[in-house]
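Below: the structure, in structure tokens.
Please treat every number below as a calculation from the coordinates, not as lab data. As the structure is a prediction and not an experimental result, all values here were calculated from the model. Glycine gets a Cβ as well: all are built from the backbone with ideal geometry, and neighbour counts include every protein chain shown.
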Amino acid sequence: MRGPGFLESIEAACPGAVVGSQLEAIDPWIEIAPARIADVCQWLKTAGEPRFDALQCITAVDWFEPDPKKAAKVTWQPHLEMVYHLWSTPARASLVLKVKLPRWSGDVAGHLPELPSVTGVWRTADWHEREVYDLSGVMFTGHPDLRRILCPEDWVGYPLRKDYEMPLDYHGIRGR
Amino acid sequence: MSNLIDDDPRIIEFDVRTDEMLVNMGPQHPSTHGVLRLVLRTDGEIVSETEPHIGYLHRCAEKIGENVSPRQWIPYTDRLDYLAAMNMNLGWALTVEKLMRHEVGEKARHLRVLIAELNRVASHLVGMGAYGLDLGTFSPFLYAFREREKILDLFEEACGARLTYSYLTVGGATADLPPGWLQKCEAFLDQFEPIIKEYHALLTTNAIFVKRTAGIGVLSRDMAIDYGCSGPVLRGSGVDQDMRRDGESIYTGMYDGYAFEVAVQKDGRYPRDHTYPSVPKEAVLGDCWHRFFVRMLEVVQSMDLIRQAIDRYAACREPLGEPLKLAEKLPVGDAYLETEAPKGQMGFYIIGNGTSIPWRVRARSSSFSNLSVTHELCRGCLIADVPAIVGSLDIVMGEIDR
Amino acid sequence: MTGMLAMDISSLTDTVVPALATNFFPTPMLAALPLAAVNWHSVLFLLFAGLACGFAVGVVAADNVVRMALYLVFSLGATAGLFFLAGAEFIGAMQLMIYVGGTLVLLVFGVMLTAQAPLVSIKPSSSDRTLAAVAGASLLALLLTAAFSVDAWMAPGTEVVPAPSATPLGMALIGVRVDTPPPGSPAGGRVGYMLPFEIVSVHLLVVLVGAAYLARAKRRKTPRAIDAVASAMPVEPVTAAPVAAAAPGRTAGGAKSALVGGGR
Amino acid sequence: MADFLIGLGLPGWLAWSIAALVSAVLLLNVIAGGALVFIWAERKIAARIQDRLGPTRTGGRFGWLQSLADGIKLLAKEDLMPEGADGLLFRLAPYVSFCASFCAFIALPFAFDVVGQRLNVGVFFVVAVLGLEVFGVILAGYASASKWSLFGAMREAAQVVSYEVPLGMCVVVPVMLAGTMDLVTIGEKQAGWMSNWYLFHDPFTFVIFWVYVTCAVASVNRAPFDLAEAESELVAGFHTEYSGLRWSFFFMAEYGSMFLVSALAAVLFLGGWNGPVPVAQLVGLSEGTGDSAAYFVRLLGLANLITKATLGVLLMMWIRWTLPRLRIDQVMTTCLKYCTPIAAVMFAGAMFWQLLLPGGLLPGWSRPAGEIREGWLEGPGGLPTPLPAAAASSESSGLATRSPR
Amino acid sequence: MMDFAVAPFMLPSGLPMPGCLATVPLFAANPFTEPVGVIHYLIVGAVLFTAGIACMTLKRNALGILMGIELVLNGANINFVAFSSSYLRAEGAPTLGLDGQVVALFVILLAAAEAAVALAITLNFYNNHATVDVDRADDLKG
């Protein structure tokens, strides 16, 4: 059961979860409400047809234009976007889910946006979410062991944010 | 005396009390491939818990991707999986072409198959040699590198570099193959064919190798899919998935017209297994031995693909075609593509915003997910098994830490 | 260890004609040598005895239990040398192999297993030390007076090189006494050791099985983390589940996004 | 040697002490020289197996001075000691290990009666002293104050101690066949054609030889059994913290015991100094016919034994560079479940073979009936009766030129 | 053969004066040239025996006591071998002959067995009380 019918089946299964969709893009995607991402993923993995039993990749994209001149011409509002690439092994089909998050929760700089963790659905999400937390600063609720994975434990700041400033020194090692 | 022990709440363990030891393996440990640090919680010889610490080789290549044009980022993809740089370049080039909906010519397509499969052979040779090193035998490592040197000579002639090539780029390749290269490649394949039997005799059917790998680190089918493992690690557990056949049409299109079988155990048997050694009886599907054996099958399969690519490349008359300009404008939109790199499925994700600089670049590493399975596989094994298991996953730290 | 060599030397020393030596080396060097004929057996005895007693006292004096074990190894090694010097070479080799090579390795294993930081060196208080020294000295004095009281033991040895004792010992252990009765011992009374030999072998078996049973890994009230998990590890059945859509040999059309529609 | 010095007019005891000193230094040179040659041979063989050249330039032609270069490097290297280490034990460990492997050379015969000290319990003494080497390892592991070296030391100690059992059983078979533990007599009884070697004495001894080789390789910690310095897990095991001269003592002890174990195999199973073809007998030379002939026969014997021992060492090197390493529990299972039971069964088989077919299978083989064991004749009714004193000494002295027994 | 007479030092009362022990001429002339007799072995045996007893009393570590036992057994062994050796036998004095060596052999074997059991007990003790300090082994006190 493919194509537009698939979209309806998701909406039927999880009413109110699908916020938007874009079917003409190179990789068509569906936008999911932040609070419902875990339920949709659970459904996709267990009840959906075809079963999406593998999570390929979780990416965090920081839509924020630091340069004021360009910021004026930009059409979108500054926000943080989570992109989930799923894969169905039996049906060899791919699916892209997107979730829009505020850059900072409650627009208070420093408070990380919240998002329910999908570690319960796919075990591989454990490390992927730790990397997104480490590099882009997103708090995953329900994650068993949310620590920095690539940067040192006591690193300050989230490198992949557009407005990230490289610290001048770290434990005496000069940054620039 | 015995009842005193039984009901005494203080006494929990009766065994000879060896307190749990936190033992560090790495980051500069000779057996882990590159700078990986494994913290083992051991009780005597038995490892009760393994925790990999990564990030020692983290260069934040993705941040740099947001400041350079796609063709300028090609050298960074070389440094991800430095043992199979050609496959990395190919993956990134295809992703950008997918975003720009650009089709490369026939000659470029066959050239890419030829070069990518040759690099897969080189990468698997390193994997085989290093695995022998992990299990304590030094000679296979040198046999493997002797053959790999010949492949590197071929690459050096093609693009001038031996490790980080930046040869396959967006829109084709930087330069066409020099005359006489195909004959040299064919000569290499002819003399390499019988040597595969040597590797099988040296390692695959070696009684001690089987004892050290068969039945060790068994990765079940569901756990492999659940942890996002891919490539030989996934196929070693019996999952019939290979991106060259099941991937996106832009990538499988490259292999259009190639006779090609996925090297995985279908209903209990490997394809064409009459020429390879039989599966030892202790080997369980999904253990270290099967992962190793799948890699050896893929080497033979890749050599077959290379021969077909040579004939098709020679048949193409028209010139190779120019790669895209350095500062090519990227359309608005995003594209994600997974290609079958030697270590597993290497995913690239690009978001274009109309300028020549991408808005976001993401590299999904196969070894990153393959390594995340270690703490499941190493639970309850002996210390000597940890390098055997980590070695069988064939991980490269450059790709994991990005 | 080179005790045997000394025995050959000593048995030959009395056959040498000292006069022959002097005319060949008229130089004063030879005359300067004060010792008439060094009895190598005595020199080696002094060496090994010194080692044995020195390291035995070392064992008592040392506080670090690992050092005590090391001194004990050297002391028993020197005792093996003494056995060789006394002509009991089979017992010397047995001491080296069973005692030093077996028992003490067991002891060192025991030390390694229990030598956690606080237990490695337990210092006895100084009052205990003096008490032990006094008791030891008095016991030693008592033993030595008893030893010196018998005149027969005081006389020096006759240095009769004994016949090799390995085979007679072996034969004695299976009940056939083949060694000629030593002069002066009662003629008949030589008894074979068949019964004690069998008893010791059974005894060893029982003791070692008992010791292994005593030190076995007993059942646990709360299973160790790894036992619980190891049994729960999901191991797939050997045959892979057949994949639903078996792909034809050639590469079929690429994967489609589920949203775009159109079958495989 | 001693008679020669006495002839010079030195007093007896001085002559004997110099003779003892000379033979001790000679034995030390055997180990040092052996280590020198074997280090070079190991590099060359490893290279050949791995399809490369190995050292070629040091010392001119075939890089033969490579070992000397290594030696100088080791001498120049600083002898480090980890700060948490137990000073006394750390310094003592290499010497304990080296002395154990050196002591065993005392009882090893290189040709007929060319032996440091002809012990009546030769075999037993060698196996006993081999067991002492484990103390050096345990001390090194404990004194290096690091978890990994302690792991390595414990593994090796457990392995060596448990492999002593099958090793002892394999060694007992040739002793049973020869009737004595004296290595010189064992070698002497295998004189003559190759068929007299104990290896071909009966099928059970043949199997026991291969079990001996496995246990020897394991008890010397080589090849598939080298758990102690399993680089992949323990980063060189117990001698991780050693460098410079101390490390070279462990190295020399390893090569010394490798040579020793293969020389013991040669004497026990491969006829020691008796070549496959009894050249000396064919040419008519033998012990008794004059001094220079005896000297030549012994030289030939020495050459035979050295070649056999070196072949054994080369075999160990060959195994090392081809086979991967076993896990510690697999090493233990091979010892307890394979080596020991096979050795026991073969030992029983050899015993019954000896009992039922004393003369051997082929009637042509003439084995002296009523084997003389250590001077005890088979008396009436099979009960061994002691030889009359005179006969005993003359019988054995016929063979030995000078030992008074 | 030069033999040496031993000055009688026994007092008529039979009890030797402790002070005079040091004056007993063990080696009449020079220890390097005089042959070794049984008495020298007895001295070494006595020293080892005493060291063993002192070690057993002094050490609070269970393994220290075990080592003391080993020393005591070895002291006894030396005496057995000394009496059985014909080399050390004085003129006409009877020796144990082979019996001495066989007994020493059995002592060595049984010491191995004894050490195994003792270690098993020590490990068990260590296991249950996380210490081998013997003074702490007071569980059975009333």
Next on the checklist: Tell me which of D:Ala191, D:Leu139, D:Met317 sits at the most positive position along the dipole axis of segment D:78-356, charges placed on C-beta atoms (Lys, Arg +1; Asp, Glu -1).
Outcome noted: D:Ala191
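Evaluate 2.2 N^0.38 Å with N set to the residue count of segment B:237-396, then give the Cα radius of gyration divided by it. Mind showing how you got there, number by number?
Details: Rg = 19.8 Å, N = 160, 2.2 N^0.38 = 15.1 Å.
Taking the Cα Rg and dividing by 2.2 N^0.38 Å, one obtains 1.31.
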Checklist entry - Which far-off residues, 5 or more places away or on another chain, put their amide H under 5 Å from the one on D:Leu357, with H placed in the peptide plane? => result none
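Just need the relative contact order of chain A here, percent rounded to a whole number, with Cα pairs under 8 Å and 6+ apart.
17 percent
Would you please put B:238-247, D:173-182 in order of how densely packed they are, using the mean number of other Cβ atoms within 10 angstrom per residue and starting with the highest?
Values: B:238-247: 24.0, D:173-182: 22.5.
Descending packing order for the listed peptides: B:238-247, D:173-182.
With N denoting the number of residues in segment B:298-338, provide Rg(C-alpha) divided by 2.2 N^0.38 Å, to two decimal places.
Normalised by 2.2 N^0.38 Å, the Cα Rg of segment B:298-338 equals 1.84.
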Checklist entry - Among rounded, prolate and oblate, which fits segment A:44-173 when a ≥ b ≥ c are the square roots of the eigenvalues of its C-alpha gyration tensor, a/c under 1.5 means rounded, and a/b larger than b/c means prolate? => result oblate
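Per residue of E:69-77, how many C-beta atoms from partner chains lie within 10 Å of its own C-beta, taken as a mean? Mind showing how you got there, number by number?
Details: counts 0, 8, 9, 0, 3, 11, 4, 0, 8.
Counting Cβ atoms of other protein chains within 10 Å of each residue's Cβ and averaging gives 5.
Of all the C-alpha pairs in segment A:114-176, what % are more than 20 Å from each other? Present the calculation step by step, with values, prior to reporting the outcome.
Working: 641 of 1953 pairs.
It works out to 33 percent of all Cα pairs.
Using a simple charge model, +1 on the beta-carbon of Lys and Arg, -1 on the beta-carbon of Asp and Glu, nothing else, what dipole does segment E:36-133 show about its Cα centre, in debye to the nearest 20? Don't skip to the answer; put the middle values down first.
On the way: 3 positive and 5 negative charges, 30 e Å.
I would put it at about 140 debye.
Report, in debye and to the nearest 20, how large the dipole of segment A:4-174 comes out about its Cα centre when Lys and Arg carry +1 and Asp and Glu carry -1 on their Cβ. Each step should come with its number before you reach the end.
Working: 17 positive and 24 negative charges, 35 e Å.
That gives segment A:4-174 a dipole magnitude of about 160 debye.
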Checklist outcome for this item: Along segment D:56-67, Karplus-curve 3J(HN,Hα) (6.51, -1.76, 1.60; θ = phi - 60°) to the nearest Hz, with x for Gly and Pro, reads 10, 9, 5, x, x, 4, 9, x, 6, 8, 4, 5
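So which of B:Lys107/B:Lys184; A:Lys45/B:Lys98; B:Lys63/B:Lys329; A:Lys98/A:Lys162 end up more than 22 Å apart, counting from Cα to Cα?
Working: B:Lys107/B:Lys184 19 Å; A:Lys45/B:Lys98 27 Å; B:Lys63/B:Lys329 19 Å; A:Lys98/A:Lys162 19 Å.
Beyond 22 Å: A:Lys45/B:Lys98.
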Next on the checklist: Using a 10 Å cut-off around each Cβ of peptide D:101-113, what is the average number of partner chain Cβ atoms that fall inside?
Outcome noted: 1
Checklist entry - Peptide D:123-135: average number of partner chain Cβ atoms within 10 Å per residue? => result 6
Checklist entry - Once both axes come from the Cα atoms, what is the angle between helix B:181-192 and the longest principal axis of chain B, in degrees from 0 to 90, rounded to 10? => result 30 degrees
Item to check | Spatial separation of Cα centroids for segment D:180-225 and segment A:114-176, in angstrom | outcome: 65 Å
Checklist entry - So what J values fall out for segment D:189-197 if you push phi through Karplus, 6.51 cos²θ - 1.76 cosθ + 1.60 with θ = phi - 60°, rounded to Hz, Gly and Pro as x? => result 6, 9, 5, x, 6, 4, 5, 7, 5
Checklist entry - Taking the Cα centre of each part, how many Å lie between segment E:110-142 and segment D:101-164? => result 30 Å
Item to check | Hull volume in cubic angstrom per residue (convex hull over the Cα atoms of segment B:89-247) | outcome: 140 Å³
Item to check | Cα→Cβ-extended label distance, 7 Å offset, between C:Tyr213 and D:Val22, nm | outcome: 6.1 nm
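By per-residue mean of other Cβ atoms within 10 Å, what is the highest-first order of C:193-205, B:385-397, D:4-16?
Values: C:193-205: 13.9, B:385-397: 26.0, D:4-16: 19.1.
Final packing ranking: B:385-397, D:4-16, C:193-205.
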Checklist outcome for this item: Any residue on another chain or 5+ positions along whose placed amide H is under 5 Å from the amide H of C:Ser257 is listed here as A:Ser94
Item to check | Extreme residue, positive dipole direction of chain B, given options B:Ile350, B:Gly231, B:Ser302 (C-beta unit charges) | outcome: B:Ile350
Next on the checklist: I need the peptides D:71-81, C:91-101, B:151-161 ranked by packing, meaning the mean over residues of other C-beta atoms within 10 angstrom, with the highest value on top.
Outcome noted: C:91-101, B:151-161, D:71-81
